[in-house]
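Nothing in this text is a laboratory measurement; each read-out follows from the coordinates by a stated rule. Computed from a prediction, not measured in an experiment: that's the story for all the values here. Here the Cβ is made from the backbone with ideal geometry for all residues, glycine too, and neighbour counts use every protein chain on show.
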Amino acid sequence: DTFSHLQLSGEFGPFQRRLVLFSLPPCLSLAFHQFCQLFMVVDVPHYCNTDWIRAVGPNLTEEEQLNLTLPRDPSLLQEKISAVIFFLCRFGRRPVLLISILLEGLFGVGIALVPHFYVYLAFRCVVGASVSGIMMTLLALATEWVGVSYRPQAVLLSHCCFAAGQMILAGLSYGIPNWRLLQIVGSIYQSLLWQSCGTGWFHVPWKSQGMVKMSEEINVVFTHSCSICLVLLCSDFRFVNSLVYYGLSLNVTNFGLDIYLTQLAFGAVEIPGRVGCIFMLQWFGRKKSQGGFLLLSGLVCLLLTVIPEDQPVVITVLATIGKFTASASFSSAYVYTAELFPTIIRQSGVGLCSMVARVAGIIAPLILLLEQYHRVIPMAIYGGTTVLGGLLCFLLPETRGIELADGTEGGQPTAVVSDWQPPCCLLLVRR
C-alpha cells in the first residue's frame, strides 16, 4: 500500500506537524509577489511618445504608425513554463520546493535593481513561475503525508498564512512609498528563509512512493474517458474560481474607498473564510462546499451590478463578502483537486488545473477594462461564469473521508472516480 507509512507515523504525528510547520513561512511571501503590482504600478499621467516613428518612416500613414506601436507576435513563454510544470513529478517535491524558494528570493530582489522594463518583466515571469512551484509542491506534500481526517487543516493552514501575507502587504505598501525599497523588503524574506528554514526541508523525502511509476501509466490515466471528463470539470471550476478571486482582488482601486484599507480588509476577511472552509469541508463534504462557495461568489458579483456607483461603502462591503466566499472556494479547490487525482499524476493534474487558473488570472484584469463601455460588464461576467462553474461542481464525485488513490491497476484508475460516470462520459461510452 502506497500510504502504509501513515499507519506507522500516524495521520498527524510529529513528522507531519513539522512538515506543516515548515510549509507556513514560504506562504507569507506568496501574497506579496501576487498582489504587489497593485501598489507598485500606480496609474500616473502618461502619453505615448511616437516621435521616433517619423524618423524611421516619414511617409507612413496613421494606420501604419499605429501598427508599429502595438505588439503583434504572441509570446510562447507561458506555454514553456507550463510544460515545465508537468515535468516536476520527475524530480520529486523537495528539490522543486527548494529551487522555487531560492529563485523567488533572488529574482524578487533583482526586480528592484533592474534598469530596464523588459528585464523587469522577465524577472517577474521567473518569480511568478517560482510562486506556482511553491504553491503546488506544498499542496502535494501536505496532501500525501497527512491522514484523511487532518488533510483539510494541513492544506488550509498555509492558506491562512497567505491571507496574513496580504495584510502584511497592505502595511508595507503604506509605510514604504518607494517601489524599489518595497520590493527588496518583500523579497529579502525568502533569502533569509532559505538560510534559516531551508535545512528543515532536507528531511522531507524526495519523492512519494507513488511517484516512481512509469510515465506510460500516466498516459493510461489521461486517456481514460472518465479521467478526461474529470480534468475538464476540475479545470472549469478552477478557472472560474480564479477569475472571480483575482477579479475582486485586483479591483481594490475601483471600489471607492482607500486602497490600503480595502486591501487590509480583503486580507483580514480571508482568514475566517479559509478557517471556516475547514469545517465546511468536514460537515458538508468537498463537492457541496465547492459548489456552494462558487454559487455565493457569483451571486454577490451579480448583486454588485445593481448597486449605484454613489454607494462606495455598500459596494466595498459586498465585494468583501465576495472575497470571503471566493477565498473559501479557492482553499476548497486546492483540497478537492488534490484528492481527485491519483498520486502518480497528482502534481501534474494539479499543475494542469493551476495552469488553467493562471490563465483566468491573466484574463481577470483584462475583463476589468470592459468597464469603460459599461460598469456592470466585468461583474456580470465574473458572476455569470462563477455561477455556471458552481453548478458544474455538482457533477463531480465526493471525496470526503476517502483515502487518496495510489495509481492505476490494469489500465483503470484506482481513484474514487473509478465508478463515476458523468453525463459526458456516458455519451463517450455509448459511442
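Tally Lys/Arg at +1 and Asp/Glu at -1 over every other residue whose Cβ is under 10 Å from the Cβ of VAL114; what's the total? Present the calculation step by step, with values, prior to reporting the outcome.
Values: positive: ARG124, ARG180; negative: none.
Spelling it out: positives minus negatives among the neighbours equals +2.
Hey, fewest Cβ within 10 Å first, where do ASP236, ASP258 land in order?
Details: ASP236 19, ASP258 13.
Listing ASP236, ASP258 from fewest to most nearby Cβ atoms yields ASP258, ASP236.
A cut-off under 13 angstrom between Cβ atoms defines the neighbours of SER327, and their net charge, with Lys, Arg +1 and Asp, Glu -1, is +1.
Which ordering of LYS287, LYS323 is given by a fewest-first count of other beta-carbon atoms within 10 Å? List each step's numbers first, then the result.
Details: LYS287 18, LYS323 26.
Ascending Cβ contact count within 10 Å gives the list LYS287, LYS323.
Residue-wise HN-Hα couplings along region 228-236, as the Karplus relation 6.51 cos²θ - 1.76 cosθ + 1.60 with θ = phi - 60° gives them from phi, are 5, 5, 4, 5, 5, 5, 5, 5, 5 Hz; Gly and Pro carry x. Here THR320, THR399 are placed in order of increasing Cβ neighbour count within 10 Å, fewest first, which gives THR320, THR399. Once the chain from MET40 to LEU261 is taken as fully extended at 0.36 nm per residue, the excess over their C-alpha distance is 77.9 nm.
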